[in-house]
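Engineer: Handing you this structure, nothing more for now.
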Amino acid sequence: MTQIYWTSQAYADLESIFDFIGRTSEHYAAAVVQKLVLAIGRLEAFPVSGRVVPEYAREDVREVIHAPYRIVCRLLERENEVHILMVYHAARQLPDQPPNEKRTPRASKQTRASAMSKLEPQ
């Protein structure tokens, strides 16, 4: 089974999404973030199930589409890991290059449950 790790950038993206939607409804914000987190669950069993990100055209940088968001990840087959790099609204332009391990700290070992618990409304 492939391990899923969230980078600090991806986690910050989730927080931003939660904060933006939460201005209107914390309940809906939590639901959207939960669906985003759950959308990548299939990568544990099927890590190459996401499509190659067209803007990067690299086999190791893939995405899971959960409209209107793009969840961009890096597949590290040798380590049997997937690192969630960023979560972008589809209307936004992606950076010229995906974050790399030199610019993005090593992915933290946050589980889906811990990521969700930190984003639930207080």
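The values are calculated or read from the model by the stated rules, or taken from the named source; none is laboratory data. Model, not experiment: these values are computed from the prediction. Note that we place each Cβ from the backbone using ideal geometry, even for glycine, and neighbour counts take in every protein chain shown.
Quick grid of which residues meet (1) out of contact with any helix residue (DSSP H, G or I) (no Cβ under 9 Å at 6 or more places or on another chain); (2) assigned to a strand (DSSP E or B):
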position	(1), (2)
Phe18	no, no
Ala29	no, no
Pro54	yes, no
Ile65	no, yes
Val72	no, yes
Glu79	yes, no
His83	no, yes
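Engineer: I want to confirm something. Restricting to segment 13-43 and keeping residues that are basic (Lys, Arg) and touching a residue at least 12 places away in the same chain (Cβ under 8 Å), which single residue is farthest from Arg62 (Cα to Cα)?
Structural biologist: At the first step, the residues of segment 13-43 found to be basic (Lys, Arg) are 23, 35, 42.
If we keep only those that are touching a residue at least 12 places away in the same chain (Cβ under 8 Å) too, we end up with 35, 42.
Details: Lys35: 18, Arg42: 13 Å.
Among those residues, the one meeting the criterion is Lys35.
Engineer: So, in segment 1-30, exactly how many residues are crowded, with 19+ Cβ neighbours inside 10 Å and over 30 Å from Arg78 (Cβ atoms)?
Structural biologist: Qualifying residue count, segment 1-30: 3.
Engineer: Inspect segment 33-43 for any residue being farther than 17 Å from His66 by Cβ and assigned to a helix (DSSP H, G or I) and give the result as yes or no.
Structural biologist: Residues of segment 33-43 that are farther than 17 Å from His66 by Cβ, as a first pass: none.
No.
Engineer: In segment 43-83, what residues are among the hydroxyl-bearing types (Ser, Thr, Tyr) and modelled with pLDDT of 90 or more?
Structural biologist: Filtering segment 43-83 for residues among the hydroxyl-bearing types (Ser, Thr, Tyr) gives 49, 56, 69.
Tyr56, Tyr69 - these are the residues of segment 43-83 that are among the hydroxyl-bearing types (Ser, Thr, Tyr) and modelled with pLDDT of 90 or more.
Engineer: Would you be able to tell me the number of residues in segment 33-52 that are over 13 Å from the mean Cα position of the chain (by Cα) and either among the aromatic types (Phe, Trp, Tyr) or under 19 Å from Asp13 (Cα atoms) (or both)?
Structural biologist: Counting residues in segment 33-52 that are over 13 Å from the mean Cα position of the chain (by Cα) and either among the aromatic types (Phe, Trp, Tyr) or under 19 Å from Asp13 (Cα atoms) (or both) gives 1.
Engineer: Is it fair to say Tyr5 is in contact with a His (Cβ under 9 Å, 6 or more places away or on another chain), among the aromatic types (Phe, Trp, Tyr) and not in a helix (DSSP H, G or I)? Let's see the steps before the verdict.
Structural biologist: Working: in contact with a His (Cβ under 9 Å, 6 or more places away or on another chain): yes; among the aromatic types (Phe, Trp, Tyr): yes; not in a helix (DSSP H, G or I): yes.
Criteria met by Tyr5.
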